[in-house]
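> Questions regarding the structure given below will be posed in turn.
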Amino acid sequence: MKITFDIPWTRYALIAELAKRLDGVNPQFGKTVLEKLVFFLQEIYGIKCGYDFELYSYGPFDSQLLGDLDLVEHWGGVTVLRVNNSFGGYRIQPSEKVDSIVGKAKEFIEDQKTEKALDDLVSNYGAMTARDLELRATTVYVERGLRKKGEYRSKEKICSLVSQIKPKFDFQEIEQAVLELKKRSHIEFTD
Amino acid sequence: MGKIFEIRDPIHGFVTLNEWERDIINHPVFQRLRRIRQLGLTDMVYPGSMHTRFEHSLGVMQVATRMFNHIKERRSDFLKSELHFNDDGLRRDKVLVRLSCLLHDVGHAPFSHAAEGLMDKDQLSGKSYKHEQYSAAAVDFLMQDVIENHPLNQNYHIKAKEIADFLNGDSSVGRSLLWRDLVSGQLDADRADYLLRDSHHIGVAYGYYDLNRLIATLTVAIEPDNDSPVIAVEEGGEHAAEALIIARYMMFTQVYFQHTRRAYDYHSIESIKALLAKSKVQAGKEVFPAPTSKENVEEYLKWDDWKVLGLISAGEAGKNGKIMMERKHHRAVFETPETPRAEDQEFAKEIQDALGSKVAFVDFASGSWYKFEAADVPFLLQPGHTDEQLTTLSTISSVVKGLTTVNRTRIYVPMGKKDEARETVAKKRKEREEKR
């Protein structure tokens, strides 16, 4: 337990900042897209967001992030709209106090490294669908897992593991995502 | 088939197991769970809270098996046609799920979650290890023989490493990850068991819900937006699922995050810290060794409630040990609302500054192990029909939609400074009112 008070404003500010940056960029910016983008920010761009993503059949996920989203909504930083009844039918939009929430962690958000990471993240992944992000996030998680264990990483091995976790994606699509991530230097494997 | 054993259980009637599972249960790593209380020092508030991780682990295995069996029977065609399972694959996965559930808590520290903050950091990620990683390491390093070399495993060839990977959520378990939701998810067997079990032992009714109905409405579906398989609840199960979510909310606010209970979490952490420092487990460190080698895990598992309580009783745990023995715990003198506004949080910071060195510790709901976050559950409309549709429970449940994340903050001071601190808080409140 902490001895002193420490509100995790950086986590809340990050959600608010993403809502601002993706407004009008990603029509599917809901809970799934938020999970995957923050995962990328942490894993690919090395920003310490403070989340602990674990792998499920629906990709890397941390329930704390949804809890934080709920608080930011409660504080008027974002609005989480129900746009249809489908599972992913939520849209996150900036709300009237978005700047005030971002301002609470101004130093973090305006830090050169964070800014560059957010620019790259939005430019590379900001407009992708939830489905495309899901596939890529799972691929990055799989590759990082193999790397951490010091296991041999080939395109075939990564594709095969992703295919087992995501049986509804065809192998060609997975292969394409793997190659695209490698081209961006966001994953590494031996040819 | 072999012999089947039955163990009486206050929640599920009987837990049934085979000879292989009995041998695993008899292993010293599992028997240690008899010496790890489920809720740490909760008995300081609710005297009935003396149950252990041992009975909970048996219960989780039993519930997960019922969940798995129901989904398999209900959605057999779907599992085969959409997710490429066959009967042998499902039989094997059931065993994997049973063993993983049975062993999911073997890596708990003394007093369960309370000591979670005393786990070493992963050198690579800089993050603290979690008890699940200690469980996985204990299975992998110490239980290989009892898991892999039993004659009943000849049909499955399950490796200890596979169970460890399943518990860690490692991608190597492939499509079996689907079942991870039964061990660690919104409607998992862990929660399903502990809510009922804790309520039973503590003597509260907050955690009760209709487990039978919940299980009878579990299903598997594909998330249409991202083509991923998920465990869901189907139409007819909405009230059982609602009840479980409300039970979590009630148990969190009334039991797990109860103010005195949290004070004893603090005192137990500080006591163990003092004991670790004295024990020289790791020179200069007040944390448990990392779960990265067999030796480390063996050293870690030597620590259980009996050992810690014995040392506290012998006066080895410093001032926090003494506080525990005399029940003179730190007192909460300020708390924010359950769902504070940003200004409430800032006021809490002002109070802390005004109290200065009187503050013993600050507690956050978000820092507690049993958090209550706004949760949603995949919900399947018109199951089995051509217009089957996956949505979320909050779409049809205004109760679930209305629940928000609990983010209460509390400030504690030593017992002897309580009155003085309360005066300071009252003064700050008055100033705040006057400003308004």
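The values are calculated or read from the model by the stated rules, or taken from the named source; none is laboratory data. All values derive from a computational prediction rather than experimental measurement. A quick note on method: Cβ atoms are made from the backbone with ideal geometry, for glycine too, and the neighbour counts reach across all protein chains shown.
> State all residues of the stretch B:169-178 that are closer than 21 Å to B:Ala137 by Cβ and not aliphatic (A, V, I, L, M); if no residue qualifies, say none.
Result: B:Gly169, B:Asp170, B:Ser171, B:Ser172, B:Ser176.
> Do you know which residues across the stretch B:241-261 are more than 20 Å from B:Ala114 (Cα to Cα) and of a type in the set (Phe, Trp, Tyr)?
Passing the criteria: none in range.
> Residues A:Phe53, A:Phe29, A:Phe39: which one is more than 8 Å from chain B (Cβ to nearest Cβ), under 29 Å from B:Lys121 (Cα atoms) and at pLDDT below 95? Can you show your working first?
Working: A:Phe29 fails: under 29 Å from B:Lys121 (Cα atoms); A:Phe39 fails: at pLDDT below 95.
The unique qualifying residue is A:Phe53.
> Does the stretch A:72-85 contain any residue that is at negative phi, within 11 Å of the chain's Cα centre (by Cα), touching a residue at least 12 places away in the same chain (Cβ under 8 Å) and part of a loop (DSSP other than H, G, I, E, B)? Break it down into steps so the answer makes sense when it comes.
Applying the first criterion (at negative phi) to the stretch A:72-85 yields A:72-75, A:77-85.
Subsequent filtering for residues that are within 11 Å of the chain's Cα centre (by Cα) retains none.
No: zero hits.
> Do you know which of the residues in the stretch A:161-183 that are exposed (fewer than 15 other Cβ atoms within 10 Å of the Cβ) and more than 14 Å from chain B (Cβ to nearest Cβ) is farthest from B:Leu177 (Cα to Cα)?
By that ranking, first place goes to A:Lys183.
> Still on this structure, please answer the following. Could you list, in sequence order, the residues of the stretch A:24-41 that are in contact with a helix residue (DSSP H, G or I) (Cβ under 9 Å, 6 or more places away or on another chain) and outside any helix (DSSP H, G or I)?
Correct list: A:Val25, A:Asn26, A:Gln28, A:Phe29, A:Gly30.
> I'd like to know if the stretch A:91-99 contains one or more residues that are under 17 Å from the mean Cα position of the chain (by Cα) and basic (Lys, Arg).
Yes, some residue in the stretch A:91-99 is under 17 Å from the mean Cα position of the chain (by Cα) and basic (Lys, Arg).
> Might you let me know whether the stretch A:60-80 holds any residue that is more than 30 Å from B:Asp188 (Cα to Cα), of a type in the set (S, T, N, Q) and facing chain B (nearest Cβ under 8 Å)?
Within the stretch A:60-80 (the criterion being more than 30 Å from B:Asp188 (Cα to Cα), of a type in the set (S, T, N, Q) and facing chain B (nearest Cβ under 8 Å)), the answer is no, since none of the residues qualifies.
> Given the conditions (1) over 18 Å from A:Lys166 (Cβ atoms); (2) touching a residue at least 40 places away in the same chain (Cβ under 8 Å), report the number of the one that B:Tyr209 does not fulfil.
(2)
> Please find, within the stretch B:235-272, the residue that is farthest from the chain's Cα centre (by Cα) out of those that are more than 14 Å from chain A (Cβ to nearest Cβ) and of a type in the set (Gly, Ala, Ser).
The qualifying residue farthest from the chain's Cα centre (by Cα) is B:Gly236.
> Taking A:Ala130 as the residue in question, decide whether it is at the interface with chain B (Cβ under 9 Å from one of its Cβ atoms), among the aliphatic types (A, V, I, L, M), closer than 30 Å to B:Ile396 by Cβ and in contact (Cβ under 8 Å) with a residue 12 or more places away in the chain.
yes
> Would the stretch A:30-53 turn up any residue that is of a type in the set (Gly, Ala, Ser) and without any contact (Cβ under 8 Å) to a residue 24 or more places away in the chain? Reasoning before the result, please.
Just the residues of the stretch A:30-53 that are of a type in the set (Gly, Ala, Ser), to begin with: A:30, A:46, A:50.
Within this subset, residues satisfying the condition of being without any contact (Cβ under 8 Å) to a residue 24 or more places away in the chain are none.
No, that holds for no residue.
> Could you count how many residues in the stretch B:292-345 are polar (S, T, N, Q), away from every other protein chain (no Cβ under 14 Å) and under 25 Å from the mean Cα position of the chain (by Cα)?
Of the residues in the stretch B:292-345, 2 are polar (S, T, N, Q), away from every other protein chain (no Cβ under 14 Å) and under 25 Å from the mean Cα position of the chain (by Cα).
> Does B:Glu299 satisfy the criteria of being assigned to a helix (DSSP H, G or I), free of Cβ contacts under 8 Å to residues at least 40 places away in the same chain and either crowded, with 20+ Cβ neighbours inside 10 Å or not hydrophobic (A, V, I, L, M, F, W, C) (or both)?
Yes: the conditions hold for B:Glu299.
> What residue, among those in the stretch B:111-148 that are among the charged types (D, E, K, R) and in a loop (DSSP other than H, G, I, E, B), is farthest from the other protein chains (Cβ to nearest Cβ)?
B:Asp120
> Condition check: more than 26 Å from A:Arg144 (Cα to Cα), under 16 Å from the mean Cα position of the chain (by Cα) and either surrounded by 20 or more Cβ atoms within 10 Å (Cβ to Cβ) or not acidic (Asp, Glu) (or both). Does B:His104 satisfy that?
Taking the combined requirement at face value, the residue does not satisfy it.
> Name every residue in the stretch B:276-296 that is within 21 Å of B:Gly40 (Cβ to Cβ) and free of Cβ contacts under 8 Å to residues at least 12 places away in the same chain, in order of residue number.
B:Ala277, B:Ser279, listed by residue number.
> Could you list all residues from the stretch B:181-224 that are within 19 Å of the chain's Cα centre (by Cα), surrounded by fewer than 23 Cβ atoms within 10 Å (Cβ to Cβ), of a type in the set (D, E, K, R) and closer than 19 Å to B:His70 by Cβ?
B:Asp188, B:Asp190, B:Arg191
> Suppose we filter the stretch A:58-71 for residues that are part of a loop (DSSP other than H, G, I, E, B) and surrounded by fewer than 23 Cβ atoms within 10 Å (Cβ to Cβ); how many remain?
1
> Give the residue that is farthest from A:Ser163 (Cα to Cα), with candidates limited to residues of the stretch B:76-110 that are away from chain A (no Cβ under 14 Å) and part of a loop (DSSP other than H, G, I, E, B).
Among those that are away from chain A (no Cβ under 14 Å) and part of a loop (DSSP other than H, G, I, E, B), it is B:Pro110.
> Right, another one. From the residues in the stretch A:139-159 that are in contact with a strand residue (DSSP E or B) (Cβ under 9 Å, 6 or more places away or on another chain) and more than 8 Å from chain B (Cβ to nearest Cβ), which one is modelled with the lowest pLDDT? Full working, then the answer.
Looking only at the stretch A:139-159, we keep the residues that are in contact with a strand residue (DSSP E or B) (Cβ under 9 Å, 6 or more places away or on another chain), and these are A:140-142, A:145, A:152-155.
Next, from what is left, pick out any that are more than 8 Å from chain B (Cβ to nearest Cβ): A:140, A:152-155.
On the way: A:Val140: 98, A:Tyr152: 89, A:Arg153: 92, A:Ser154: 95, A:Lys155: 96.
Here the residue is A:Tyr152.
> Being at the interface with another protein chain (Cβ under 8 Å from one of its Cβ atoms), among the acidic types (Asp, Glu), within 20 Å of the chain's Cα centre (by Cα) and more than 17 Å from A:Phe29 (Cα to Cα) is the requirement here; does A:Asp111 meet it?
no
> I'd like the full set of residues that are out of contact with any strand residue (DSSP E or B) (no Cβ under 6 Å at 6 or more places or on another chain), among the polar types (S, T, N, Q) and either crowded, with 22+ Cβ neighbours inside 10 Å or outside any helix (DSSP H, G or I) (or both), limited to the stretch B:321-358.
B:Thr339
> Got a sec? Which of B:Leu83, B:Leu41 is in the same structural domain as B:Pro10 (by TED's automatic domain parsing) and surrounded by 22 or more Cβ atoms within 10 Å (Cβ to Cβ)?
On the way: B:Leu83 fails: surrounded by 22 or more Cβ atoms within 10 Å (Cβ to Cβ).
Step by step, each of B:Leu83, B:Leu41 is checked, and only B:Leu41 is in the same structural domain as B:Pro10 (by TED's automatic domain parsing) and surrounded by 22 or more Cβ atoms within 10 Å (Cβ to Cβ).
> Answer yes or no as to whether A:Ile7 is crowded, with 18+ Cβ neighbours inside 10 Å, over 12 Å from the mean Cα position of the chain (by Cα), modelled with pLDDT under 90 and within 8 Å of chain B (Cβ to nearest Cβ).
Here the answer is yes, as A:Ile7 does meet what is asked.
> Among all residue pairs at least 6 apart or on different chains, which show Cβ distances below 9 Å where the first residue, located in the stretch B:117-134, is in contact (Cβ under 8 Å) with a residue 12 or more places away in the chain and within 21 Å of A:Gly46 (Cβ to Cβ) and the second is crowded, with 20+ Cβ neighbours inside 10 Å and hydroxyl-bearing (Ser, Thr, Tyr)?
B:Lys121/B:Tyr129; B:Asp122/B:Tyr129
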